[in-house]
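The values are calculated or read from the model by the stated rules, or taken from the named source; none is laboratory data. Just so you know, these numbers come straight off a predicted model, no measurement behind them. When we count neighbours, we look across all protein chains shown, and the Cβ atoms used for this are built from the backbone with ideal geometry, even at glycine. Ligands, DNA and RNA are excluded from the accessible area calculation, which covers all protein heavy atoms including side chains. Shrake-Rupley method; radii C 1.70, N 1.55, O 1.52, S 1.80 Å.
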Amino acid sequence: MRGTDKPRSSPLVPDAVGAEISRHDWETITCGCGRSAGHLADTLWAAAEGHPAAFRALEGHAFLSGRLHPPAPAVCGVLMAVWSAGPPRLATREALLWTLLSLLGSEDDGSSYEAGLYGQCAAYVRAGLPSLHRAAAAAPGTVSAAYVDGVVELLGLGS
């Protein structure tokens, strides 16, 4: 277990992303796997460092079988912080967009928790829509553009 005297850092992770990961009290969030979501912090650091498999590893924790789980909004906040920090390399970008699409394609958990899990996830993504649109416009016909189109459609903002 890590000591709490020094915050985690990585030369590959912008400070704003590290701050977004640290901002959430992962230990108090019940993960989709049934444990505390504390173990997701390491996965999110790996994702922020650009490891595509880390994004896919969020399945079963933030979303599972088409349903959102309590870590989803915090995970979405981290994903959008990664996106906003600068354009990730292609494999990372596609994995990140796939994860956003998976989160937004999932059903809310049905709880009255704040704005609902889906509403909170959607709010994070809507805040980053201009940069998502720019990325799609810069690379029409790509997998990334198709994922962005899917995200926009799921948010009900498609034409």
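In segment 136-145, of all residues being in a helix (DSSP H, G or I) and exposed (fewer than 15 other Cβ atoms within 10 Å of the Cβ), the one that is modelled with the highest pLDDT corresponds to 143. Could you say whether any residue in segment 14-36 is among the basic types (Lys, Arg), at pLDDT below 95 and within 23 Å of residue 144 (Cβ to Cβ)? Looking through segment 14-36, none of the residues is among the basic types (Lys, Arg), at pLDDT below 95 and within 23 Å of residue 144 (Cβ to Cβ). The residues of segment 37-49 that are open to solvent by 40 Å² or more (accessible area, probe 1.4 Å) and touching a Ser or Thr at 6+ places or on another chain (Cβ under 8 Å) amount to a single one, 49. Give the number of residues within segment 72-106 that are closer than 15 Å to residue 123 by Cα and of a type outside the set (Gly, Ala, Ser). The qualifying residues number 11.
Each row is one residue, and each column tells you yes or no for (1) touching a Cys at 6+ places or on another chain (Cβ under 8 Å); (2) without any contact (Cβ under 8 Å) to a residue 12 or more places away in the chain; (3) loosely packed, with under 15 Cβ neighbours inside 10 Å.
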| site | (1), (2), (3) |
| --- | --- |
| 12 | no, no, yes |
| 18 | no, no, no |
| 22 | no, no, yes |
| 26 | no, no, no |
| 51 | no, no, no |
| 72 | yes, no, no |
| 89 | no, no, yes |
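Checked against (1) touching a Ser or Thr at 6+ places or on another chain (Cβ under 8 Å); (2) on the phi > 0 side of the Ramachandran plot; (3) among the polar types (S, T, N, Q), residue 84 passes all but a single condition, namely (2). Looking at the structure I just gave you, is residue 112 at pLDDT below 95, open to solvent by 10 Å² or more (accessible area, probe 1.4 Å) and more than 16 Å from the chain's Cα centre (by Cα)? Yes, satisfied. The numbered conditions (1) of a type in the set (Gly, Ala, Ser); (2) in a helix (DSSP H, G or I); (3) touching a helix residue (DSSP H, G or I) at 6+ places or on another chain (Cβ under 6 Å) are all true for residue 19 except (3). Among the residues of segment 58-79, is any over 16 Å from residue 31 (Cα atoms) and either of a type in the set (A, V, I, L, M, F, W, C) or outside any helix (DSSP H, G or I) (or both)? Checking segment 58-79: at least one residue is over 16 Å from residue 31 (Cα atoms) and either of a type in the set (A, V, I, L, M, F, W, C) or outside any helix (DSSP H, G or I) (or both). Any idea how many residues of segment 114-159 are at positive phi and not charged (D, E, K, R)? The total comes to 3. Within segment 103-122, is there a residue that is among the aliphatic types (A, V, I, L, M), assigned to a helix (DSSP H, G or I) and without any contact (Cβ under 8 Å) to a residue 40 or more places away in the chain? Yes. Exactly one residue out of 62, 123, 81 is surrounded by fewer than 22 Cβ atoms within 10 Å (Cβ to Cβ), under 17 Å from the mean Cα position of the chain (by Cα) and closer than 24 Å to residue 21 by Cβ: that is 123.
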